[in-house]
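The values are calculated or read from the model by the stated rules, or taken from the named source; none is laboratory data. This is a predicted model, so every value here is computed, not measured. So basically every Cβ, Gly included, is an ideal-geometry build from the backbone, and we count neighbours across all protein chains shown. These area figures cover heavy atoms from the full protein model, side chains too; ligands, DNA and RNA do not enter into them. Shrake-Rupley method; radii C 1.70, N 1.55, O 1.52, S 1.80 Å.
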Amino acid sequence: MKKVRFWLLITVYLLLAFADGALTYINTPDLSLEGNPLVAKLGLGWGALAIANVAFFALFFTTSYYSFFKYKTVFTDETKYTRYCSQITFDRPDMFWKGFILFPKHWKPWIAAFGFCILPATIIARLILVLEWLAITFDIAGRYQYYYFKNTYCFGRLDVLSGTIVVIAGMFYWFYIEYKKQLVCTTAE
């Protein structure tokens, strides 16, 4: 089941990435409407977008593969969620809230948590981008209205906002799943 879910997420991501790229090219071959900071702020072109997309995909693929197939649940004696999370990342049960500003002693749980939630987060973000480009393609909101809203802080970068929310919530959820696994195993003994 993990294998099917992993490859399904990868396939959906790649299809949405291709659709995003194709719709971008159709609607703005000169990238004048592109909201990506590489283009909008740094003035880079298609090559930079392609390299960034390949690099990010490699990161997403690698961390997700690790999360789905390589990570092994860490078992402790902790019976509270926060103490368990702190124990597996800092070797101390009292570092949960401090752990958001400190570097963990053990990175593997964080990498696996990131890998667990990054594909769904990027799929949601890409879906938003594709829907925005479709709105431009079919002139649903008007090209200039779209450009204005995309480049203002209150409406723009909904893809980044939604992706960030999914990553944060997904990381907490991943740690909860791992906590439940170890709790079931320790209470069954």
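Once phi is turned into ³J(HN,Hα) by the Karplus curve 6.51 cos²θ - 1.76 cosθ + 1.60 with θ = phi - 60°, what whole-Hz value does each residue of the stretch 169-176 show in order, with x for glycine and proline?
Whole-Hz 3J(HN,Hα) from phi for the stretch 169-176: 5, x, 5, 4, 5, 4, 4, 5.
Tell me which lysines have Cα within less than 26 Å of LYS2's Cα, excluding those fewer than 8 residues away on the same chain?
Within the straight-line cut-off, LYS2 pairs with LYS70, LYS72, LYS108, LYS180, LYS181.
So for the stretch 1-123, taking the charge dipole from beta-carbon charges (+1 Lys/Arg, -1 Asp/Glu), which of PHE61, VAL4, THR28 sits furthest toward the positive end?
VAL4
Given a 10 angstrom Cα cut-off, can you work out which residue in GLY170, GLY47, GLY35 is the most mobile in a GNM of the chain?
Ranking GLY170, GLY47, GLY35 by mean-square fluctuation puts GLY47 first.
Sum -39500 (n - 2.57) across every DSSP H segment of at least 4 residues in the chain, then divide by the residue count to get the 222 nm mean residue ellipticity, nearest 500.
It lands at -23000 deg cm²/dmol.
Sorting check: for 159-168, 87-96, which peptide has the highest mean count of neighbouring beta carbons within 10 Å, and how do the rest follow?
Descending mean neighbour count gives 87-96, 159-168.
Tell me, what is the per residue accessible area of the chain in Å², probe radius 1.4 Å? Please report the intermediate quantities before stating the final value.
Working: 11570 Å² over 189 residues.
Normalised by residue count, the accessible surface of the chain is 61 Å².
Translational D (Stokes-Einstein, µm²/s) of the chain at 4 °C and 1.567 mPa s when Rh comes from the Kirkwood sum over C-alpha pairs? Each step should come with its number before you reach the end.
On the way: Rh = 18.6 Å.
Reported coefficient: 70 µm²/s.
Under 17 Å Cα-Cα from LYS80, which aspartates and glutamates qualify once same-chain neighbours fewer than 8 residues away are excluded?
Straight-distance partners of LYS80: ASP91, ASP94, GLU178.
Treat every Asp and Glu Cβ in the stretch 1-105 as -1 and every Lys and Arg Cβ as +1, leave all other atoms uncharged, and give the resulting dipole magnitude about the Cα centre to the nearest 20 debye.
Details: 11 positive and 7 negative charges, 108 e Å.
Once rounded to the nearest 20, the dipole reads 520 debye.
Could you check the simple spin-label distance between PHE103 and ILE51, using points 7 Å along Cα→Cβ, in nm with one decimal?
Placing both labels 7 Å along Cα→Cβ, they lie 2.6 nm apart.
Using a probe of 1.4 angstrom, how much of the accessible area of the chain is carbon and sulfur, in percent? Let's see the in-between values first.
Numbers: 8230 of 11570 Å².
The value for the chain is 71 percent carbon and sulfur by accessible area.
Taking a spot 7 Å from the Cα of ALA135 along the direction of its beta carbon, which residues of the stretch 16-51 have an amide N less than 13 Å from it?
Once the point is set 7 Å along Cα→Cβ of ALA135, nothing inside the stretch 16-51 turns out to lie under 13 Å by backbone N.
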